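Asker: Sharing a structure, written as structure tokens. Questions coming.
The values are calculated or read from the model by the stated rules, or taken from the named source; none is laboratory data. Worth saying up front: this structure is predicted, and the values here are computed from it rather than measured. As a convention, Cβ positions derive from the backbone with ideal geometry for all residues, glycine included, and neighbour counts pool all protein chains shown. Accessible surface areas use protein heavy atoms only, side chains included; no ligands, DNA or RNA. Shrake-Rupley method; radii C 1.70, N 1.55, O 1.52, S 1.80 Å.
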Amino acid sequence: MTKVTMTVNGRQVSGDVEDRTLLVHFIRDKLGLTGTHVGCDTSQCGACVVHMDGKSIKSCSTLAVQAAGASITTIEGLAQNGELHPVQAAFKANHGLQCGFCTPGMVMTAVDMINRYGGKLDEKTVRENLEGNICRCTGYHNIVKAILAAAEEMSAGRQAAE
């Protein structure tokens with residue numbers, strides 16, 4: 001067993017794990033944060049996406065020991081002071097979900113995508129960046145619409161702050 005310490009959603013956490021424990025299982029089983037989903041166990045579906053040090057990763061293919069010392073943000077860590085993150089709010093407003101299983105991974109991927117591209121997103125770029133996330137219900141149209149709406153809002157917010 002190895003003791004790992006990391007910051008998850010702004011809170012320092014520690015736990016003993018086997019060296020082969022995946023980050024997704026540490027998050028779900030040790031920390032009780034079940035918003036991060038296990039879909040395929042092969043890093044193809046994207047349901048397990050979290051942010052490690054500000055960048056999206058698939059937590060089903062990352063060992064918990066690899067995240068030692070890192071800052072992890074899960075879907076539970078996006079909302080602040082009871083307010084949905086702009087991407088979460090855009091998914092809600094634009095009906096970017098149906099069953100909701102893929103939604104946490106889609107939202108986390110979208111936040112990273114918007115952080116990387118800012119207001120310079122178009123439908124083609126969004127669809128290309130979602131290739132590692134699978135949704136079996138929506139057909140992606142409203143997901144793309146939600147991401148573009150959130151990118152526009154977040155870009156406008158950045159410009160207003162400047």
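Asker: Residue check, Thr109 against (1) out of contact with any Leu (no Cβ under 7 Å at 6 or more places or on another chain); (2) open to solvent by less than 30 Å² (accessible area, probe 1.4 Å), all met but one. Which one?
Answerer: Evaluating Thr109 over (1) out of contact with any Leu (no Cβ under 7 Å at 6 or more places or on another chain); (2) open to solvent by less than 30 Å² (accessible area, probe 1.4 Å) leaves (1) as the failure.
Asker: Among Glu152, Glu123, Glu76, which is the only one that is under 24 Å from Asp41 (Cα atoms) and open to solvent by 40 Å² or more (accessible area, probe 1.4 Å)? Let's see the steps before the verdict.
Answerer: Numbers: Glu152 fails: under 24 Å from Asp41 (Cα atoms); Glu123 fails: under 24 Å from Asp41 (Cα atoms).
When all the criteria are applied, what remains is Glu76.
Asker: Pick out the one residue from Val107, Val111 that is of a type in the set (A, V, I, L, M, F, W, C) and touching a strand residue (DSSP E or B) at 6+ places or on another chain (Cβ under 8 Å).
Answerer: Details: Val107 fails: touching a strand residue (DSSP E or B) at 6+ places or on another chain (Cβ under 8 Å).
So the residue among Val107, Val111 that is of a type in the set (A, V, I, L, M, F, W, C) and touching a strand residue (DSSP E or B) at 6+ places or on another chain (Cβ under 8 Å) is Val111.
Asker: If Ala64 meets every condition in (1) closer than 26 Å to Thr5 by Cβ; (2) out of contact with any Leu (no Cβ under 9 Å at 6 or more places or on another chain); (3) touching a residue at least 40 places away in the same chain (Cβ under 8 Å) apart from one, which number is that one?
Answerer: Result: Ala64 fails condition (2) only.
Asker: Here is a list of conditions, (1) in a helix (DSSP H, G or I); (2) without any contact (Cβ under 8 Å) to a residue 40 or more places away in the chain, and Ile57 meets all of them except one; can you say which number that is?
Answerer: (1)
Asker: Scan (1) in contact with a Leu (Cβ under 9 Å, 6 or more places away or on another chain); (2) part of a helix (DSSP H, G or I); (3) crowded, with 17+ Cβ neighbours inside 10 Å; (4) not aliphatic (A, V, I, L, M) for the single condition Lys145 breaks and write down its number.
Answerer: With respect to (1) in contact with a Leu (Cβ under 9 Å, 6 or more places away or on another chain); (2) part of a helix (DSSP H, G or I); (3) crowded, with 17+ Cβ neighbours inside 10 Å; (4) not aliphatic (A, V, I, L, M), Lys145 is out only on (1).
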